[in-house]
Amino acid sequence: MTLEQLIARQREQVNTRISLRNQYATELEELRGADSVDEVKVEELRGKKAGLDAEITALRSKLTELEDEQRADDAAARLQREHTPSGAPESRGGEKDRAVVTEKRTYAPETDPQGLRFLSDVAADFLGNRQAGQRLEQHMAEERVERGEQLARAVTTGGAPGLVVPQYLIDMYAPKGRPGRRFADQCRQHNLPDTGMTVYIPRQTAMAEVAEQVNELDTVAENDYDDELISVKVRTAAGSQTISRQSVERSLGTEDIVFEDLLKSYDVNLDKMLITSPVWGLLAVANPITYTDADPTAAELYRKILGAAANVEDVLEDADEDDVFTLMRGRRWAWLSGEVTDKKPFIAQPGVPQGFGNSEGNGYAVPNGVRGYLPNGGPVVTDNNLPKGLGVGTNEDAVVVVARQEAHLWEDPAAPLFIRAETGPNTKKLGIDLVVYGYFAACFDRVVDSQGSPKAVHQKITGTGLVAPTF
């Protein structure tokens, strides 16, 4: 018997018992309205009606399970029709034939553009709303079909599953190049391994050698290449917000604000950890360059940046100039832009847009995440997660020259992030905890010198020359 036939039979059984129960209820009302009440008959009908109520509840529970299974199967078949199987023959026009479908996802930009229904369902499911739970199950079934291998990673190390946020909501609330994680988006991206709390990356410890063969048949130079694996800890970025039951059931727009705030907070937290974490963060491992000046100028800072870039090139030797960028706060970029004059080096040069790479009105395309360019053509990325309270006066910021090829970031390809409601101490307060989390690993100090000691690649400029700028 097919699943459709089982569902049809189950519905028929439910309807039959509901009809019989209604018949008993009618008879019971007639008996109770008579002048002489037959108590024995009344109790008999009440017993039959109660028995049918129990049967109906059990049958409806089974029917719900079958319908859930049917919805999951339909979602799987629908998504399968949207993609051509691997190895499918190409049509004469060169494109693979595929079925065109118009079915919509449970949560789609057309039906839930702001994600209100999704987050409302997350909270409502926590409160026991069956319909909300069914929609979330349907959404997860769609995700499993579309991204099975990646979705297998959407669990904590303890194996507790979370809910995958629909991708279009991630794109809307936290697009690429977003202010919350500009440095993270510039890093060299890797996929986080399927399992484990450590990732490994090779580090070269000995180089091969090539030299002139002075005489024929002389033994040529040989120095064995060697490397080692360094371990990098997998870390967790997470945050939560507690919302009241009243805000879920009675207010408008609360979910939208909470959802957007959670996603942006996640990005800010991840980016800040990459930049400012002690021991392993970018600022912790970068080589320090001090810029001391009571009356700083753009020309002086620019020379420090050039010196830092030269240091990067000396360390790596084969650094691609297009792979090196300067990271600074937005206020520092605004100050530099205001220092443009008619004197060198701050004048328009061939191939470099006027005003440090301001792309407006000059037709110059600025890559994603790049704020503009320095006079030598070096790209600038602004990130306000860089600290601004450095120095004795706690009013200094930092400028970092970064080699992208040695800024490694592993993130779970199963992202979008995961969000779920959890029980906890807020339950008695009618509160619901919404949690967003994700795993990542980062390494900014892979390079070592010929003796095997760590050798700083990235260069950070700090000092009194970087006090809060005035305009």
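Quick notes on this structure:
- Summing charges over all other residues whose Cβ lies under 12 Å from the Cβ of residue 293, with Lys and Arg as +1 and Asp and Glu as -1, gives -1.
- For region 271-286, 3J(HN,Hα) per residue [Karplus equation, 6.51 cos²θ - 1.76 cosθ + 1.60, θ = phi - 60°, Hz, x = Gly/Pro]: 5, 4, 4, 4, 8, 10, 4, x, 6, 10, x, 4, 5, 6, 9, 6
- Summarising the label geometry, the points placed 7 Å from Cα in the beta-carbon direction at residue 68 and residue 395 lie 6.2 nm from one another.
- Among 456-465, 35-44, the order from most to least packed when residues are scored by Cβ within 10 Å on average: 456-465, 35-44
Values quoted throughout were computed directly from the atomic coordinates according to the rules given, and no laboratory measurement underlies them. Source: prediction; values computed, not measured. Neighbour counts run over all protein chains shown; Cβ positions are idealised from the backbone, glycine included.
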